[in-house]
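This report concerns only the one structure given below.
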Amino acid sequence: MTTPPVPLGPEQQQQLVNRIGHGLASLAPPGTWRQVRAEYRAAGRHIEADVVVTGQDGVPRAVQPPPELLQLLGTLRAGMYRPGAGTWLGAVLTVDPGQGVGADFGFDREPRWRRTPPPIGFQDELRLFPRADQQVPDWLRRRAAGPSGEEGVRTPRIYDGLDASGRPLVRRPPVAPAEAGQLLAYLDAAPVILASRSNGPDAFAPDRTDAVPLNFRTDGVWAWPGAVAYYLREHGVPPDPELVAHIRARRYTAPDEVSEAATDLALAAITQ
């Protein structure tokens, strides 16, 4: 298991902002720009980033932010976490020649998403960066709630956050090897509701870039990605404790099929 991220002090935060500003400036052709503007939006593991360089002609042009810059922004976001108050979900950084870097962080206002994350993204946000109840904005509470009503389908945490280096954290009770087999049988037997021919990267083994199944399954109460079974099988990462309790209550027997209504709710839970 890894340790939680360590908050950055004000001086460290400013140093990191300056590094990000320098990285942004390097994306513009020397002597031909007026401003570089970066907008970074995140909820849990959902990340969006837009970088625009405005030239001397006043025309803004989009550029692709390099991975190193995105990693620095993620480190800054984690390092600015305030216990009980969370961290920012959106940031705008601007660099002007000779004027340094300016930064605006939105701790409580909803970012202007390019594509609104699914409920699990906002649920992860509140688990990765816990907030006291009175510090959760109404919009964030609604987004995390997902489908309304008693029949809303739940989605699990894949792991419990990221440390300062971006590696996943696991802070949950282990499961015995014998039970792990029963859990895997259940997770692999439930009906598939969203399939994919491709695989995603392994967060615990970055060299495995095409390993994690991108399909989703549901038992009508929970909907989970293929990553849940994969990480249990490959790395011994227990599923979300509440999902484990649910599977135990069902005596490790997954349904052969679920209703069309339950399938629709499950799809809404993972794609909304």
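The values are calculated or read from the model by the stated rules, or taken from the named source; none is laboratory data. Quick caveat, the model's predicted, so the values are computed rather than measured. Every residue, glycine as well, gets a Cβ built from its backbone with ideal geometry; the counts of neighbours run over all protein chains shown. Only protein heavy atoms, including side chains, enter the accessible area calculation; ligands, DNA and RNA are left aside. Shrake-Rupley method; radii C 1.70, N 1.55, O 1.52, S 1.80 Å.
What spacing in nm lies between the two simple spin-label points modelled at residue 242 and residue 50, each 7 Å away from Cα in the Cβ direction?
Placing both labels 7 Å beyond Cα along the Cβ direction yields 3.3 nm.
Along the Cα-to-Cβ line of residue 115, 7 Å from the Cα, sits a label point; which residues in the stretch 20-59 have backbone N less than 16 Å from it?
Flagged as within label range: 41-50.
Quantify, in whole percent, the carbon and sulfur part of the accessible surface of the chain (1.4 Å probe; protein heavy atoms only).
52
Quote the relative contact order of the chain in percent (integer), defining contacts as alpha-carbon pairs under 8 Å separated by 6+ residues.
About 18 percent, as a whole number.
Divide by every residue of the chain the summed helix terms, -39500 (n - 2.57) for each DSSP H run of at least 4, and state the resulting mean residue ellipticity at 222 nm, rounded to the nearest 500 deg cm²/dmol.
About -10000 deg cm²/dmol.
Using only the alpha-carbon atoms of the chain, report the extent along each of the three principal axes, biggest first, to the nearest angstrom.
66, 40, 37
On a 0 to 90° scale, report how tilted helix 10-25 is relative to the longest principal axis of the chain, with both axes built from alpha carbons and the result rounded to the nearest 10.
The angle comes out near 70 degrees.
Note the angle between two axes, namely the Cα long axis of helix 119-128 and the longest principal axis of the Cα atoms of the chain, as a number of degrees from 0 to 90, rounded to the nearest 10.
70
Please give the helix 226-235 orientation as an angle from the longest Cα principal axis of the chain, in degrees from 0 to 90, rounded to the nearest 10.
Relative to the chain, helix 226-235 is tipped by roughly 90 degrees.
How many Å² of accessible area per residue for the chain, probe 1.4 Å?
Accessible area per residue: 52 Å².
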